[in-house]
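No value in this document is a laboratory result; all are computed from the given coordinates. Every value quoted in this text rests on a predicted model; they were computed, and no experiment measured them. Here the Cβ is made from the backbone with ideal geometry for all residues, glycine too, and neighbour counts use every protein chain on show.
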Amino acid sequence: MPSRTVIIPLRRSHSAACAAIVTASSPWRRLGETIDFSALLRSRKAAIRASVCLRGGTVAGFVIFTPLPVFARGGYLRAIAVAKDRRRQSIGRKLLSFAERETARHAGHLYLCVSSFNRQAQAFYRKCGYRKVGAVPGLIKPGMSEFIYWKRLRQRSS
């Protein structure tokens, strides 16, 4: 029997598991980046949403996004990650679809940045309907670019 998969808001009890996913993720290690989940939970910014995907009761991944229009009429996907042992199980697709549905209630587009060296993530986003629309050289580290990807979530109203 397959394990039950649910997406729920991030709770304090999930912070350590989410931090471990970030620590084990090569893109974040390569960039020297972390996420302060405790600060995220303390933040009263209603515009930022943080959710986890639980499979069989354990944290399989997380997504952090801003569903309100913050740039060019679109929301922004701040971070998404899946535990190494849970990859290739549609967790990332479920988390991304969740963020898209929530964002589509407020904005017609969703944007994200992905590092130029992270070809696996770029392929994932393209498979999910995103298009590369720009680049920001040296945003996080000199010599590396962050590619901007975009997806229209709903058709323009007449």
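A few notes on this one:
- Distance between the 7 Å Cα→Cβ label points at Ser13 and Gln120: 3.0 nm.
- Calculated [θ] (222 nm, deg cm²/dmol) that DSSP helices of n ≥ 4 give over the chain, each run adding -39,500 (n - 2.57): -8000 deg cm²/dmol
- Counted by neighbouring Cβ atoms within 10 Å, the residues Glu102, Glu33 run from fewest to most as Glu33, Glu102.
- Within straight-line reach of Lys84, meaning a Cα separation under 19 Å, sit the following aspartates and glutamates at least 8 residues removed in sequence or on another chain: Glu33.
- FRET efficiency for the pair Arg101 and Ser43, taken as 1/(1 + (r/R0)^6) with r the Cβ-Cβ distance and R0 = 35 Å, rounds to 0.95.
- Report note on the peptides 116-123, 75-82: ranked by the mean count of other C-beta atoms within 10 Å, highest first, their order is 75-82, 116-123.
- Distance (nanometres) between label positions extended 7 Å along Cα→Cβ at Arg152 and Ala20: 4.3 nm
- Ordered by the number of other Cβ atoms lying within 10 Å of each residue's own Cβ, fewest first, Ser26, Ser51 fall into the sequence Ser26, Ser51.
- Test item: Cα-centred dipole of segment 5-152, Lys/Arg +1 and Asp/Glu -1 on Cβ, debye: 340 debye
- Considering only Ser97, Val70, Ala19, the residue lying farthest towards the positive end of the dipole of segment 9-122 is Ser97, judged by Cα position with unit charges set on Cβ.
- One decimal place: the segment Arg88-Asp36 gains 16.1 nm when fully extended, by the rule 0.36 nm per residue minus the C-alpha distance.
- Rel. contact order, % - alpha carbon contacts under 8 angstrom, at least six apart, the chain: 18 percent
- Temperature 20 °C, viscosity 1.002 mPa s: under these conditions the Stokes-Einstein estimate for segment 5-152, based on its Kirkwood radius over C-alpha pairs, is 138 µm² per second.
- Dipole of the chain [Lys/Arg +1, Asp/Glu -1 at C-beta], most positive-end residue of Gln155, Thr34, Ala50: Gln155
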